[in-house]
Amino acid sequence: MKITLEQIDLLRKRANVSYSEAKEALEINDGDIVNALAYLEQQKKIKGKPFQDSTTNLVDTIKKLIQKGFEIRLLVSKEDRMKLDISLNLLILALIVATPITLIATALSLLTKHTLRFSRRGNEDFTINKTITKISDTINSSLDGTHQ
């Protein structure tokens with residue numbers, strides 16, 4: 001059977017191998033691409049994903065992280081009244097653009113006995129919430145003159 005350039009290109013793309021490796025695998029397997037892939041796999045010649053696929057995976061990963069950032073919210077409240085509800089993405093942007101202002105606002109909210117919580121769709125399931133509560137309690141007890 002004659003091996004075509006299209007078959008070689010397809011096998012190269014799927015297995016991320018050289019032209020000669022793809023041609024050899026196809027010749028050994030009479031032009032059958034599936035068997036050629038299996039052969040290359042058995043020979044441990046299949047390399048990591050090509051650059052284009054890695055780039056695509058990176059873009060997909062970034063998209064997923066951004067989506068998760070919109071799902072996670074920072075909730076700031078005082079006496080059961082919501083004062084601020086922003087996405088994690090917006091919080092990160094604020095930290096990048098205006099780090100001092102963001103840090104001062106966080107400190108002031110803790111000093112004025114506001115409650116800070118990270119939440120995902122109403123579920124407070126983040127371990128960091130316990131740490132934030134401990135910090136807030138320590139600050140409040142110091143301000144009140146009591147120690148826990």
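Annotations
- A simple count of charges around LEU91, restricted to other residues whose Cβ falls under 12 Å of its Cβ and scoring Lys, Arg +1 and Asp, Glu -1, yields 0.
- Spatial separation of Cα centroids for segment 104-145 and segment 1-20, in angstrom: 59 Å
- On the principal axes of its alpha-carbon atoms, the chain has extents of 87, 30, 25 Å, going from largest to smallest.
- Value of [θ]222 nm, deg cm²/dmol, for the chain, DSSP H segments ≥ 4, -39500 (n - 2.57) each, nearest 500: -20000 deg cm²/dmol
- Applied to segment 59-74, the Karplus parametrisation 6.51 cos²θ - 1.76 cosθ + 1.60 on θ = phi - 60° returns per-residue 3J(HN,Hα) values of 4, 4, 5, 4, 4, 5, 5, 5, 4, 5, x, 6, 7, 8, 10, 9 Hz, with x for Gly and Pro.
- Each Lys and Arg Cβ is given +1 and each Asp and Glu Cβ -1; about its Cα centre, the chain then shows a dipole of about 400 debye.
- Relative packing of 109-115, 92-98, 78-84, which averages over residues the other C-beta atoms within 10 Å, highest first: 109-115, 92-98, 78-84
- Above-threshold pairs, the threshold being 32 Å between Cα atoms, out of LYS68/LYS130; LYS44/LYS68; LYS23/LYS68; LYS64/LYS113: LYS44/LYS68; LYS23/LYS68; LYS64/LYS113
The numbers here are math on the coordinates, done by the rules we state, and not lab data. In this text, all values refer to a predicted model and were calculated from it rather than measured experimentally. Cβ coordinates were reconstructed from backbone atoms using ideal geometry, including for glycine residues, and neighbour counts include every protein chain displayed.
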